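Encoded as structure tokens, the structure appears first; notes follow it.
The values are calculated or read from the model by the stated rules, or taken from the named source; none is laboratory data. Quick caveat: nothing in here was measured; it's all calculated off a predicted structure. Virtual Cβ from ideal backbone geometry, glycine too; neighbours counted across all protein chains shown. With ligands, DNA and RNA removed, areas are computed over all heavy atoms of the protein, side chains included. Shrake-Rupley method; radii C 1.70, N 1.55, O 1.52, S 1.80 Å.
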Amino acid sequence: MASSAVLFPSFVWFLYLFCFLCSLPLAICKEAENDRHALLCFKSRLSGPAGVLASWSNKSFDVCEWHGITCSKPYPRRVIALDLESEGISGSISPCVANLTSITRLQLSNNNFSGGIPSEIGLLRRLRDLDLSRNNLEGNIPPSLGSSSS
């Protein structure tokens with residue numbers, strides 16, 4: 001009887017630890033899934049030469065394998081760069097790009113992007129390198145970009 005009294009708290013502790021560790025990948029997967037949704041939303045406003053964004057698909061779950069995407073090395077793998085320079089892409093820059101909360105580099109230069117620059121880009125606190133040059137963008141630079149600490 002005494003041994004079961006000792007085993008029960010150990011078992012409860014093990015069960016608690018097991019549940020906690022099993023829930024971590026779910027939280028990590030949620031962030032990666034948010035990146036995936038943000039990229040698919042961004043793509044929905046674009047067109048370009050065949051094959052440029054062909055890897056960006058609902059069928060492909062690992063965005064780190066998509067063309068123009070760089071992900072962080074340690075787990076969890078998050079999108080840290082979007083490099084689509086000189087790809088012949090046209091369309092507008094979707095505010096969805098602001099959901100890539102780990103992005104540090106957004107390189108969209110020398111394409112045919114049109115419309116305005118979404119103010120939401122200024123919310124990307126980790127963004128350090130933004131290049132939207134040589135496009136057909138119009139309007140003012142959003143104040144949120146000018147007041148960004150990065």
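I'm trying to understand the selection: among the residues of segment 88-101, which are out of contact with any Gly (no Cβ under 6 Å at 6 or more places or on another chain) and surrounded by fewer than 19 Cβ atoms within 10 Å (Cβ to Cβ)?
Step one: list which residues in segment 88-101 are out of contact with any Gly (no Cβ under 6 Å at 6 or more places or on another chain), which gives 90-91, 93-101.
Those that are out of contact with any Gly (no Cβ under 6 Å at 6 or more places or on another chain) and surrounded by fewer than 19 Cβ atoms within 10 Å (Cβ to Cβ): Ser90, Gly91, Pro95, Cys96, Thr101.
So which residues in segment 60-78 are assigned to a loop (DSSP other than H, G, I, E, B) and surrounded by 16 or more Cβ atoms within 10 Å (Cβ to Cβ)?
The first filter runs over segment 60-78 and keeps only residues assigned to a loop (DSSP other than H, G, I, E, B), leaving 60-62, 66-68, 72-78.
Scanning segment 60-78 gives Trp66, Gly68, Pro76, Arg77, Arg78.
Yes/no matrix, rows are residues, columns are (1) outside any loop (DSSP other than H, G, I, E, B); (2) polar (S, T, N, Q); (3) on the phi < 0 side of the Ramachandran plot; (4) modelled with pLDDT under 95:
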residue	(1), (2), (3), (4)
Asn58	no, yes, yes, yes
Cys96	yes, no, yes, no
Leu106	yes, no, yes, no
Ser109	no, yes, yes, no
Asn140	no, yes, yes, yes
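Take the conditions under 14 Å from Leu46 (Cβ atoms), open to solvent by 40 Å² or more (accessible area, probe 1.4 Å) and of a type in the set (Gly, Ala, Ser) and apply them to Ser114. Does it pass? Step through it out loud before you land on a result.
On the way: under 14 Å from Leu46 (Cβ atoms): yes; open to solvent by 40 Å² or more (accessible area, probe 1.4 Å): yes; of a type in the set (Gly, Ala, Ser): yes.
Criteria met by Ser114.
From the list Leu82, Leu53, Leu39, pick out the single residue that is of a type in the set (A, V, I, L, M) and either out of contact with any Phe, Trp or Tyr (no Cβ under 9 Å at 6 or more places or on another chain) or part of a helix (DSSP H, G or I) (or both). Give the steps one after another, and end with the answer.
Numbers: Leu82 fails: either out of contact with any Phe, Trp or Tyr (no Cβ under 9 Å at 6 or more places or on another chain) or part of a helix (DSSP H, G or I) (or both); Leu53 fails: either out of contact with any Phe, Trp or Tyr (no Cβ under 9 Å at 6 or more places or on another chain) or part of a helix (DSSP H, G or I) (or both).
Result: Leu39 is the single residue among Leu82, Leu53, Leu39 that is of a type in the set (A, V, I, L, M) and either out of contact with any Phe, Trp or Tyr (no Cβ under 9 Å at 6 or more places or on another chain) or part of a helix (DSSP H, G or I) (or both).
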